[in-house]
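Structure first, then comments.
The values are calculated or read from the model by the stated rules, or taken from the named source; none is laboratory data. It should be emphasised that the depicted structure is a prediction, and the values quoted were computed from it without experimental measurement. All Cβ positions, even for glycine, are placed from backbone atoms using ideal geometry, and neighbour counts span all protein chains on display. Heavy atoms of the whole protein, side chains included, go into the accessibility calculation; ligands, DNA and RNA do not. Shrake-Rupley method; radii C 1.70, N 1.55, O 1.52, S 1.80 Å.
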Amino acid sequence: MRFVIQLLAAASNAGPEIWQGLERISFSVPRLQQELRLYWKFPRVVKATAAVFAQAICFLVNAKAFLLKSHFRRAFNVVPIGKLDRCLNEFEKEVEFLAQEIRAANGQEQAELNRAQRDSSRRTNARLASIDENVNVVAKALPQMCLDASALDDAQRTARGYDSICAWLPESSTKAKVAAEREPGTCEWVHRSAEYNRWVQSQCQGVLWIQGKAGCGKSVLATYLAASASTDVVLTHFFCCSQGRTLAETANFAVSLLSQLLSKYEIIKRSDRFSSFIEKASPLVGHFSSGLECPRDRLLALLDDALTLVSSFTLIVDALDECTEPEDCDRILGYLGDLGSRSNTQVILLTRAGKFRQNVFTDATLVSMEGSVVERDISLFVAGKIKRNGVSNPGLLKVKPNIASTISSCSQGMFLLAKFVMDDIKTAGTVSEIRARLDKAPTALDDYYQRSLEGTARKFHGRDKSTRHSIFLLLVGIFGPLTPEDISTTLALDTRTHCVNEDELFSNPTGEVLRLCEPLVTIVKDQVQFVHTSVKDFLLKSVVAREDSEAFLARKCLTKLSQSQYRLGSYPARLLRMNLLDGVALEVGLEPTTKESILYNYACLHWQDHITKLLNPSDELLAMLSRFLLGNEFVTWSETLFQIKSMSGIGSQIKVRSDVWEWFGRLPDETKKKIPFKSFFVRAHESLSHELMREGEDIILPYLPLIRLGQYFNVGAGTNADFQKAYQYKMTVAEGFEAALGTRNPLTLRAKTEFFKEFFFQKRFDEAERGFEEVARIQQDVVGEDVADIFITRQLLGLAQICVTKFKQAISTLTEAAGGFRRLSGDESFLTLQTEMFRGHALERGTSLREAYHVYDNTLKLWIPIGGPEHPFSLMLKTSFGSVCRKLGCFAEAEEALLGSLTDRKRLFTKRNVTYVDSVLQLAALYYESERGNDGLEYLGLVQDSAGLKDEFERECQEKHIRALINLEAGFYTKPKTVLQRLLDEASGQGRNKNNRELLWIRITLADVLRMRGKYDEALMVFSDLVSPRSAELPVQAGSEDAVGYRFPSSLIDEPESPAQLTIVERALRLLRDAKQDDAELLLQENGLEWKRQKDFWVLQGGPITDTASISGLKASGFQIIDHPSAPDDGTTHSSHEHDEHRDNDN
């Protein structure tokens, strides 16, 4: 009973009164039961005990009544404090009275007790039975109460997760009514068609693929099929390129279907997988600011999980041919094909004929919307229109046969054209006019659109024509849907004054848009769109040029971004303060606001999309771009982008830079001179910093733009000079904050953490370690462990400890940091998983390869569903996993992971990027170890001339070491031996500072090779200049009988290195190679030696950097090298008979 009461107390969250009462009772019950067993012969004690239990039961009954209420009702009902307090007070009184009775019973004479024993025994037994029964009832009820409370909490947690996912999925307009009303009797042919019935008879296996020409009524048919579907769950998606480019993308497809599916709450909540789905989706909600920001593959995977919540469903996808990206089309076609192959699914796809290969699906049923089936429906449509409109225009009835035959011949199987003709003739005032219009009826959609434009143009003034043309420019290039008000505001935005001209705003936006643009444009649910995608195609062919549309939108975007309020230094300064200084209050009334938030946010997201489509930008546009890149408005844009894409960090700005840089490279040289691209991001932020420094109103604000510059150069660095700039900016910020705020201010500590992070690039790992240790120590006192700052510092401290080869300390530090992130953000937060990966690095460098394998494997399983397989962190994890698999001999797993990572890095990065170089080196090391040397040489050729090798001597050593090992294994000797010796020579004498960890393992390989040729003295000499005699005594070891510790002869200091000493050095180095760090250190200590430079052993950061220690040296004692005539670095091999024909020319 005590256990279940404590369990309930821990689970209830019901307030301190209930918890304290339960705790008091739970501790009293065992003692009461023990006393009852001892004094069961004493009626007064039994009665007092019963009274105590009665009060306990009273308290529990009242507590249970409160706990059974829902959390919602509890929020509006206070705990019944008075009643519970009375019960608890009475309980305490009865406990005290019971204590008195027990004391009295102890003082009674034994004789009285014996006389009363027989009479009271029966009554006591009955009361005991009653008490035990009551206790048992409560004990049985409490576990169920615990389960009920736990289930209630789980349900509420799931409900909260469901609500957050629904909010995360932006409302999509692609399910809106985009097709005309269906005429009764039309579309029913599909259920009578042989192809459709064959598909139904096959249990709807495969995709039902309906094809037809533009305007033949596919969207109306899609709506009809959705309305007549046999499943409870029907999902539809229309790729509406006519409403905006983004509505025809994979992300919108997945988001739209997920949103529809989650709206079926009463159905999906009954699935036993519902809670599991919410748990899988929640990390994505926490990592990406909206569903549209989530990687497409992850959205499709999430949709796949969501579809398992329903037993069957119908999915209808219309106009996939309007999808804006070919890769998206292929991805969705593959996805639909997979869904169509599953049981209990009905997948229907409608596209234009000839847009995709007929064999794109392995199992599809094709239905053609051609010929008689469409003609019959058009006849029904025309007859219905004549009947309804004949009431107001009797002339239609008089020429009904003529109308039917004319439309049948001119429509050519296109519903849309038939509709346009009927809309035209129904307004004719006479029968003659009807006939005249029929005689001129268009026979193609483009003919109708051209006539409509020409007809309305005759009624317009020149200004109306210009306005309509501007609307068309806007609609054909826009990425998202627009309201009539959006169009009015955009057109009224003056590109010269950067202000909205109030006199140019439409008085009636909806009416004006329709007046100018009908019948080519319509408005559905307050969103302006073309009546059909063919309108957009026509306009781009005959009316507007794509270049003009992109230029028009680029000018409007830059105009909006450059409005006067965004150019004021105070505006971006406030945004910087909001975004960078967490928890720092702003002055009242200074919060930035964007009046036209929709237009400004659109400009923030898409200005570069429009600019980069231009092949020949005008001087006017180039001047606007130049001013924008250099002004405060650029910083305002950047900080607003941080808020719009809150989960992306500075990666969004770097992506924009990459897109603009690619466009910049395609421009003529004369045009390039007009764009200050080299000042991208830098000039605007530096200028704002100087401005804020001059104003001097806030001692912190001038440093905020510099924080952004430090982040920009750190994340987007392409050269060593960029990393150096990041270091300089961060140092300036750290020094400025310390001077202004003091050493112990949380902002100062945060700035110092960022500053010490740059020490990794400069290979000042020991200084970084000391810096992080000091910051973490102060943060422990100042900040505490309720915010992430201290754990970020500890994570970086662990990373520094790995670099200086303190692997055991690193494991401890990173374990602590991961625990902190896990407590604050959960198991699946990025910081938790990133720290776990670093912990894996520390484990791998030690002797815990199997544990490192599981750390990487578990982290991959948690992260891939969130970030997707191509995320940079995913690639780092895959490379780490491949590295440890190689060391464990799991070569197939290693190759799969390393090849996958290299393929994606090759696409994302250039050859100069060190993570790409590290991927190649990891793979080459694997191929050497798995006896596939030629494959290794082939991959090494990818980076042979890479700047990533030339800029980093240690990586150059790695590449040449692995290449030499492969050539040695192939039987070569002279060339690989010479290459390795040259590397050692380069790091000797004046180049001593170039010595590095890789050269240690090269020494082992070179020594093995030399000994294989009988050059024993030469082999021993490669280990020279690594150690020196210790200049001080070691501390006394615990338990040692030597009171002064180890001593060593001072004469050794001045002596050259003896063979014995070199032998000791080699043994120590081979121990290090085998990850026996402590043994190596002990060996040197026992012989009075120490390493000359600890820096020689430091581990570089990378993608991660390849650990070649395990592959250094020759593979087996029986390995024989017979030199070939040549050993080119390109890995050229020779036939085996050459082994016997050539001898070593060094012998």
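Residue by residue, here is whether (1) under 26 Å from PHE723 (Cβ atoms); (2) within 33 Å of the chain's Cα centre (by Cα); (3) in contact (Cβ under 8 Å) with a residue 60 or more places away in the chain holds:
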position: ASP904; (1), (2), (3): yes, yes, no
position: LEU940; (1), (2), (3): yes, yes, yes
position: GLU954; (1), (2), (3): yes, yes, yes
position: TYR973; (1), (2), (3): no, no, yes
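Residues of the stretch 320-333 that are in contact with a Phe, Trp or Tyr (Cβ under 6 Å, 6 or more places away or on another chain) and open to solvent by 10 Å² or more (accessible area, probe 1.4 Å): GLU322, CYS323. Can SER1050 be described as out of contact with any Lys or Arg (no Cβ under 7 Å at 6 or more places or on another chain), at pLDDT 50 or above and farther than 29 Å from ASP1107 by Cβ? Against the criterion (out of contact with any Lys or Arg (no Cβ under 7 Å at 6 or more places or on another chain), at pLDDT 50 or above and farther than 29 Å from ASP1107 by Cβ), SER1050 does not qualify. Within the stretch 343-368, the residues that satisfy the criterion of being exposed (fewer than 14 other Cβ atoms within 10 Å of the Cβ) and over 22 Å from THR533 (Cα atoms) are SER343, ASN344, GLN358, ASN359, THR362, ASP363.
Restricting the search to the stretch 468-503, which residues are assigned to a loop (DSSP other than H, G, I, E, B), buried (at least 19 other Cβ atoms within 10 Å of the Cβ) and either free of Cβ contacts under 8 Å to residues at least 24 places away in the same chain or under 35 Å from the mean Cα position of the chain (by Cα) (or both)? Those that are assigned to a loop (DSSP other than H, G, I, E, B), buried (at least 19 other Cβ atoms within 10 Å of the Cβ) and either free of Cβ contacts under 8 Å to residues at least 24 places away in the same chain or under 35 Å from the mean Cα position of the chain (by Cα) (or both): ILE478, PRO481.
Conditions tested, residue by residue: (1) touching a strand residue (DSSP E or B) at 6+ places or on another chain (Cβ under 8 Å); (2) at pLDDT 90 or above.
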position: TYR448; (1), (2): no, yes
position: GLY455; (1), (2): no, no
position: THR467; (1), (2): no, yes
position: LEU473; (1), (2): no, yes
position: PRO484; (1), (2): yes, yes
position: PHE506; (1), (2): no, yes
position: GLY511; (1), (2): no, yes
position: LEU514; (1), (2): yes, yes
position: PRO519; (1), (2): no, yes
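Whenever a residue of the stretch 456-467 is part of a loop (DSSP other than H, G, I, E, B), its partners that are open to solvent by less than 60 Å² (accessible area, probe 1.4 Å) and among the hydrophobic types (A, V, I, L, M, F, W, C), lying with C-beta atoms within less than 8 angstrom and at least six residues away or across chains, give the pairs PHE460/LEU516. Scanning for something among the small types (Gly, Ala, Ser), free of Cβ contacts under 8 Å to residues at least 40 places away in the same chain and surrounded by 14 or more Cβ atoms within 10 Å (Cβ to Cβ), does the stretch 369-376 turn up at least one residue? Checking the stretch 369-376: not a single residue is among the small types (Gly, Ala, Ser), free of Cβ contacts under 8 Å to residues at least 40 places away in the same chain and surrounded by 14 or more Cβ atoms within 10 Å (Cβ to Cβ). Does the stretch 438-455 include one or more residues that are over 52 Å from the mean Cα position of the chain (by Cα), over 19 Å from SER542 (Cβ atoms) and assigned to a helix (DSSP H, G or I)? Checked the stretch 438-455: at least one residue is over 52 Å from the mean Cα position of the chain (by Cα), over 19 Å from SER542 (Cβ atoms) and assigned to a helix (DSSP H, G or I). Within the stretch 826-860, the residues that satisfy the criterion of being polar (S, T, N, Q), without any contact (Cβ under 8 Å) to a residue 40 or more places away in the chain and farther than 17 Å from LYS806 by Cβ are THR832, GLN834, ASN858, THR859.
Each residue in the stretch 1059-1118 was checked for being within 18 Å of ARG1003 (Cα to Cα) and touching a His at 6+ places or on another chain (Cβ under 7 Å), and 1 of them qualify. Count of the stretch 156-192 residues, restricted to those that are open to solvent by less than 20 Å² (accessible area, probe 1.4 Å), at pLDDT 90 or above and closer than 30 Å to ILE386 by Cα, is 4. Note on the stretch 728-758: residues that are touching a Phe, Trp or Tyr at 6+ places or on another chain (Cβ under 7 Å), within 14 Å of ALA768 (Cα to Cα) and open to solvent by 20 Å² or more (accessible area, probe 1.4 Å) total 2.
Rundown of residues vs (1) in a strand (DSSP E or B); (2) under 28 Å from SER408 (Cα atoms), yes/no style:
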| residue | (1), (2) |
| --- | --- |
| LEU299 | no, no |
| ASP305 | no, no |
| THR314 | yes, no |
| ASP330 | no, no |
| LEU350 | yes, yes |
| VAL367 | yes, yes |
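Consider the stretch 937-960 and keep the residues that are closer than 10 Å to VAL914 by Cβ and of a type in the set (D, E, K, R). The one that is least open to solvent (accessible area, probe 1.4 Å) is ARG955.
Assigned to a loop (DSSP other than H, G, I, E, B) and under 25 Å from ALA281 (Cβ atoms), is that true of GLU836? Considered against the rule, which asks whether it is assigned to a loop (DSSP other than H, G, I, E, B) and under 25 Å from ALA281 (Cβ atoms), GLU836 comes out as no.
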